[in-house]
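Undergrad: Please read through the structure below; I'll follow up with questions.
The values are calculated or read from the model by the stated rules, or taken from the named source; none is laboratory data. Quick caveat, the model's predicted, so the values are computed rather than measured. Here the Cβ positions follow ideal geometry from the backbone for every residue, glycine too, while neighbour counts run over all protein chains shown. Areas reflect the complete protein model, heavy atoms only, side chains present, ligands, DNA and RNA absent. Shrake-Rupley method; radii C 1.70, N 1.55, O 1.52, S 1.80 Å.
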Amino acid sequence: MKMIYTIIPSVILALSGCSKMDPVITQKDWDGTAGYYASSDAPGFHTYYKPRAGFVGDPMPFYDPVAKDFKILYLQDFRPNPAATYHPIWGVSTVDGGAYTSLGELVGCGSAEEQDAAIGTGCTVYNESDKLYYTFYTGNKYQPTAEESGQVVMLATSPDFRTWTKNRRVYIKGEDNGCSKNDFRDPFVFADDNGLWHMVVATRKSGKGWLVEYTSNNLVDWTFAGDFMMMVWDRFYECPDIFKMGDWWYLVYSEMHSAIRKVQYFKGRTLDELKAATAGDSPKWPDGHEGFLDSRGFYAGKTASDGTDRYMWGWCPTRKGKDNTETGAAPNEPEWAGNLVAHRLVQHDDGSLSLGMVPGIDRKYTKNKEVKVMAQSDGGVTVTENGFSLNGDSYVLFNRLGVANKISFTVRTSTPSDKFGVSVVRGTDSGKYYTMVINPEGVNRKINFEEEGEDGKGFVDGIDSYLFPVPDDNTYDISVYTDNSVLVMYINDNVAYTNRIYGMNLNCWSINNYGGTVEVSDISVRQQ
């Protein structure tokens, strides 16, 4: 927590009879005030990793069966990057997603004249037969001529995950098999039930997006196996990730279309059924919200499993000008790269997926902070045995947050359509503040992001969540994790919501009601 000190002059009589000024330092009583404070991110992130210099782009998570930990490779974004050679592959390791150890640079960029002058995302696998790690990646040619390939699939191997050697035998070009020479990227490699290696690559053919497939017995010699999946309509599936979980096969991808730009998935009982999920430009959506897994504040999500749990890592983008409303909604694009955010995959009985809290992250928030009421609406607030009853347009404002916080509380609504929310960056004198509103959307719910207050713009486009069903008992168990300007919210293990909100540090927060009646209980704040 950043401290502000007040220096009070004090006259001290010295033995010599002379007087001098001796400073007496007192600490500002933050919890005794509730005005807005123009705070900034503290040095270093505690939960959602960011390298000391630059940002995390396009994670490539991998469970290392030798070291028994997760390695998350990523594209290092320096800002500014060199003009021609940028996004080398860096990495971190973690046992549980709660703390990371930097591995530094693993696979460097080539020279400006080489095919991999700039590196694009890929994946890593371990080959038991030769005890080597294989990292497949996209080689981006700097200013390719009409005769050259803009993007190809390339390979680097390592015996120890420290020293990597580029293997130039693997040089897969899309135009050799009727695919685009300039949009041929994001290779993902996995083994099927029979141990055959499959590589899926995102590309275009005749102007339409496709995932195409290659197969191999040795991870070096690859045979084109045709189309894996057509991308529906005008969509493009970046960062594909294919895995089997229980009895289901899944494709997780990031939709590049500027109007959506979210992580989604398809499912199938078999690999062939998964491939057919988009046949005829008629997508077989895996759930009631088109397979969305988070908001626009989480992108390039890919997964890895230790055999028990499967986690997803993606990045939370920074905001242009640190403007919380600059969300990159269509037709704009968000800023590329940010902080590393992890979720746990939750598989439901029907095979549908949602994202939930990572236990390793939750264990970091161990220090209970006293929760104090700093202000409340003139009416509509009743104190109950375990919280508050909020009626009509009402709110309760609580004392200031620290740098890394876990806010948790339970809301029980009186009807399926009652509207409520939680606000951050709020003070008693705030002209604007930021709210996650749990909003009724027909028979469902959706988290909307709003800039409230007299100076606020209201609904912020593009950063709302997906639809999720109203709980049968109208009860919402809510957990909000913050780390500097990164916020991740979970509700009932049924919806995950990630956002970048600057100014949360050292500002108050509130729980709000918008008409109707809600019961709020079990309010707590824990810090690291």
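Undergrad: Would you pick out the residues in segment 371-395 that are more than 29 Å from the chain's Cα centre (by Cα) and within 16 Å of ASP31 (Cα to Cα)?
TA: LYS372, VAL373, MET374, ALA375, GLN376
Undergrad: Would you be able to tell me the number of residues in segment 398-415 that are of a type in the set (Val, Ile, Thr) and part of a strand (DSSP E or B)? Give the derivation first.
TA: Restricting attention to segment 398-415, the residues satisfying the condition of being of a type in the set (Val, Ile, Thr) are 403, 407, 410-411, 413, 415.
Retained after the next criterion (residues that are part of a strand (DSSP E or B)): 407, 410-411, 413.
Total meeting the criteria: 4.
Undergrad: Restricting attention to segment 335-354, which residues are of a type in the set (S, T, N, Q) and under 14 Å from the mean Cα position of the chain (by Cα)? Full working, then the answer.
TA: Filtering segment 335-354 for residues of a type in the set (S, T, N, Q) gives 339, 347, 352, 354.
Answer for segment 335-354, where residues must be of a type in the set (S, T, N, Q) and under 14 Å from the mean Cα position of the chain (by Cα): ASN339, SER354.
Undergrad: Just to be sure I understand, how many residues within segment 454-482 are small (Gly, Ala, Ser) and surrounded by fewer than 18 Cβ atoms within 10 Å (Cβ to Cβ)?
TA: Of the residues in segment 454-482, 2 are small (Gly, Ala, Ser) and surrounded by fewer than 18 Cβ atoms within 10 Å (Cβ to Cβ).
Undergrad: Any residue in segment 268-280 that's crowded, with 17+ Cβ neighbours inside 10 Å: show its pairings with residues that are of a type in the set (D, E, K, R) and assigned to a helix (DSSP H, G or I) at Cβ separation under 9 Å, as long as the two are six or more apart or on different chains.
TA: What qualifies is GLY268/LYS275.
Undergrad: Every residue in segment 229-254 that is touching a strand residue (DSSP E or B) at 6+ places or on another chain (Cβ under 9 Å), under 18 Å from GLU273 (Cα atoms) and touching a residue at least 60 places away in the same chain (Cβ under 8 Å), please.
TA: Within segment 229-254, ASP241, PHE243, MET245, GLY246, TRP248, TYR250, VAL252 meet the criteria.
Undergrad: Quick one: in segment 6-39, which of the residues that are at pLDDT 80 or above and open to solvent by less than 70 Å² (accessible area, probe 1.4 Å) is nearest to ARG500 (Cα to Cα)?
TA: Across segment 6-39, the extreme among qualifying residues is SER39.
Undergrad: Go through segment 100-211 and tell me which strands (runs of 3 or more DSSP E), entirely inside it, have 2 or more residues that are of a type in the set (Ser, Thr, Tyr), in contact with a strand residue (DSSP E or B) (Cβ under 7 Å, 6 or more places away or on another chain) and open to solvent by 50 Å² or more (accessible area, probe 1.4 Å).
TA: Here the list reads 101-107.
Undergrad: If I ask for residues that are assigned to a loop (DSSP other than H, G, I, E, B) and over 21 Å from LYS208 (Cβ atoms), which ones from segment 235-294 would you list? Break it down into steps so the answer makes sense when it comes.
TA: Initially, segment 235-294 is screened for residues assigned to a loop (DSSP other than H, G, I, E, B), giving 235-236, 246-247, 256-262, 269-270, 282-294.
Selection gives GLY246, ASP247, ARG269, THR270, PRO286, ASP287, GLY288, HIS289, PHE292, LEU293, ASP294.
Undergrad: Out of segment 295-332, which residues are open to solvent by less than 10 Å² (accessible area, probe 1.4 Å), small (Gly, Ala, Ser) and assigned to a loop (DSSP other than H, G, I, E, B)?
TA: SER295, GLY297, GLY328, listed by residue number.
Undergrad: Output the residues belonging to segment 40-77 that are in a loop (DSSP other than H, G, I, E, B), under 18 Å from GLY297 (Cβ atoms) and open to solvent by 10 Å² or more (accessible area, probe 1.4 Å).
TA: ASP41, PHE45, TYR49, LYS50
Undergrad: Residues that are modelled with pLDDT under 95, touching an Asp or Glu at 6+ places or on another chain (Cβ under 9 Å), of a type outside the set (Lys, Arg) and open to solvent by 10 Å² or more (accessible area, probe 1.4 Å): does segment 486-500 have at least one? Can you show your working first?
TA: Restricting attention to segment 486-500, the residues satisfying the condition of being modelled with pLDDT under 95 are 493-494.
Applying the additional criterion that residues be touching an Asp or Glu at 6+ places or on another chain (Cβ under 9 Å) yields 493.
Adding the requirement that they be of a type outside the set (Lys, Arg) leaves 493.
Among the residues that remain, those that are also open to solvent by 10 Å² or more (accessible area, probe 1.4 Å) are: 493.
Scanning segment 486-500, I find at least one residue that is modelled with pLDDT under 95, touching an Asp or Glu at 6+ places or on another chain (Cβ under 9 Å), of a type outside the set (Lys, Arg) and open to solvent by 10 Å² or more (accessible area, probe 1.4 Å), so the answer is yes.
Undergrad: Would you point out which residue out of TYR433, TYR502, TYR466 is of a type in the set (Phe, Trp, Tyr), under 19 Å from the mean Cα position of the chain (by Cα) and within 27 Å of TYR37 (Cβ to Cβ)?
TA: Details: TYR433 fails: under 19 Å from the mean Cα position of the chain (by Cα); TYR466 fails: within 27 Å of TYR37 (Cβ to Cβ).
Testing whether each residue is of a type in the set (Phe, Trp, Tyr), under 19 Å from the mean Cα position of the chain (by Cα) and within 27 Å of TYR37 (Cβ to Cβ) leaves just TYR502.
Undergrad: Under 8 Å between Cβ atoms, at least 6 apart or on separate chains: pull out the pairs that start in segment 354-382 with a residue that is hydroxyl-bearing (Ser, Thr, Tyr) and assigned to a strand (DSSP E or B) and end on any residue that is at pLDDT 95 or above and open to solvent by 40 Å² or more (accessible area, probe 1.4 Å).
TA: Close Cβ pairs (under 8 Å, with a partner that is at pLDDT 95 or above and open to solvent by 40 Å² or more (accessible area, probe 1.4 Å)) amount to SER354/HIS348; THR382/ASN391.
Undergrad: Oh, and also: Which one of these is acidic (Asp, Glu), at pLDDT 95 or above and open to solvent by less than 40 Å² (accessible area, probe 1.4 Å): ASP393, ASP418?
TA: The unique qualifying residue is ASP418.
Undergrad: Can SER510 be described as of a type in the set (S, T, N, Q), open to solvent by less than 10 Å² (accessible area, probe 1.4 Å) and outside any loop (DSSP other than H, G, I, E, B)?
TA: So SER510 passes the test.
Undergrad: State whether the residues of segment 490-504 include one that is in contact (Cβ under 8 Å) with a residue 60 or more places away in the chain, part of a strand (DSSP E or B) and of a type in the set (Val, Ile, Thr).
TA: Yes - at least one qualifying residue is present in segment 490-504.
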